[in-house]
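For reference, the structure is listed below as structure tokens.
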Amino acid sequence: MTNPINKHLFRLTFVLILSGCASDPASDYNAYPQVTNNPQTSVPVRPSMSPPRPIQPHNPYHPKVPSYIPSDSYNHSYNEPYGTPGNYANSYPVRNFIRHMVGTHGFSETYLQGLFAQANRLDSVIRLENPAPSGSSKPRLGSWTRYRNKFLTDAHISDGVEFWRINADAIRQASSAYGVDPEYIVGIIGVETYFGKNIGKTCVFDALTTLSFDTYRRSKYFMSELENFLLMAREEGYNPREPVGSWAGAMGLGQFMPSSFRRLAVDFDRNGRRDLWHPNDAIGSVAHYFSRNGWDYKSPVAQPASDYYGASVIELSTYEGMEYWRVHPNFKVIKRYNNSNKYAMAVHQLAQAIKRRY
């Protein structure tokens, strides 16, 4: 299933983080009407599952940002070099947002004013959120082949096997606790962040502030994520300027948006903090995310089909023609992470390739 041409070309491939971040609705949408991302209802976790047991496997995978402790100060080397002072403390929309956080969640107005005074406006984030028109909305021939070749490389498969081997205890326990096939836990982390090697380097607070107050297309959505991020930082004891992630605010090995972090991240190693930059908590949280969205253990995900017939068949464009796949409910669960057929198929095929080699 791997393409040998890409064996060396994509070892350091750029993972399309935005297209694959786990997102969830904000806890309170009343202050942010007409959010562009429609919330999706989760199903309850099966009550028969036993809770995860504490685990502390050795792990040499060190994310680009260390796991955080309360006394850490923000490492400014992770700030994007093209950021400029945003002057957000004097912004009328920011002042309204601060009043909302004070009145609704009991934050200190002085504290938030000081925090936003430090926020940087990230020009690159604005460009990524508002890309130039492509000129054509038609899918290009071979779009699935190009997408697949980013992830179905020998390096991805080998590194996935190594990640599974090193974190075998955590993966086994998460699979058992939440009823999720272990290869798909590994597959998600592989597609999202190349097993923790590409978690992003952007200050999440700067990114979400820029997206909330300097862009328009999804500003309401990002404002709700900024709200959840500040609540998350308070709940977990993080300095808000400390966490780093994608340019869109997704965090950790599984790239959770703040609302998903608050609702679905778990303290899987029982050390008192949900730390998605550490493999233990990331593995447990991805499994929990899948379980809450209805994953059916040991059930099929996708199978080749002879033609495009039936509501459960999808088509994917290759250079040789169209591929047809009959997809099952678990495929749709993967799409709850990212609503893209190509994304879900990449996770499925990478998971299967890693499982075979493991």
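Overall, region 226-348 carries a charge dipole of about 320 debye about its Cα centre when +1 sits on the Cβ of Lys and Arg and -1 on the Cβ of Asp and Glu, all other atoms neutral. Distance distribution P(r), region 283-358, all Cα-Cα pairs, bin width 10 angstrom from 0: 18, 50, 27, 5 percent.
Rounded to whole numbers, the Karplus 3J(HN,Hα) couplings from phi for region 98-105 are 4, 4, 4, 5, 5, x, 8, 10 Hz, using 6.51 cos²θ - 1.76 cosθ + 1.60 with θ = phi - 60°, and x at Gly and Pro. Extension gain, ARG127 to ASN96: 0.36 nm times the residue separation minus the Cα-Cα distance gives 8.6 nm.
Accessible surface for region 239-295, divided over its residues, is 17 Å² per residue with a 1.4 Å probe.
Each label point was placed 7 Å from the Cα along the Cα-to-Cβ direction; for ARG270 and THR215 their separation is 4.1 nm.
Each of SER246, ALA311, TYR337 was placed along the dipole of region 234-358 (beta-carbon charges, centred on the mean Cα), and the one lying farthest toward the positive end is TYR337.
A 1.4 Å probe run over region 119-235, with the rest of the protein chains in place, finds 34 Å² accessible per residue. Taking amide H atoms as placed 1.01 Å from N in the peptide plane, the amide H of ALA22 lies under 5 Å from those of PHE256, MET257, each 5 or more residues away in sequence or on another chain.
Pairs to check: LYS220/LYS335; LYS220/LYS298; LYS150/LYS220; LYS201/LYS298. Give those whose C-alpha atoms are more than 30 Å from each other in this structure. LYS220/LYS298; LYS150/LYS220; LYS201/LYS298, as the Cα separations exceed 30 Å there. Under the classification rounded if a/c is under 1.5, otherwise prolate if a/b is larger than b/c and oblate if not, where does region 118-277 fall, given a ≥ b ≥ c as square roots of the Cα gyration tensor eigenvalues? Here region 118-277 falls in the oblate category. Less than 5 angstrom separates the built amide H of THR202 from those of GLY245, all sequence-distant by 5 or more or on a different chain.
Each part gets one Cα centre, and for region 177-244 versus region 301-322 those centres are 33 Å apart.
The values are calculated or read from the model by the stated rules, or taken from the named source; none is laboratory data. A quick note: this is a predicted structure, and the numbers were derived from the prediction, not measured. Heads up, the Cβs are rebuilt from the backbone with ideal geometry, glycines too, and the neighbour counts pull from every protein chain shown. For the accessible areas, the whole protein counts, side chains as well, though only heavy atoms, and no ligand, DNA or RNA atoms are used. Shrake-Rupley method; radii C 1.70, N 1.55, O 1.52, S 1.80 Å.
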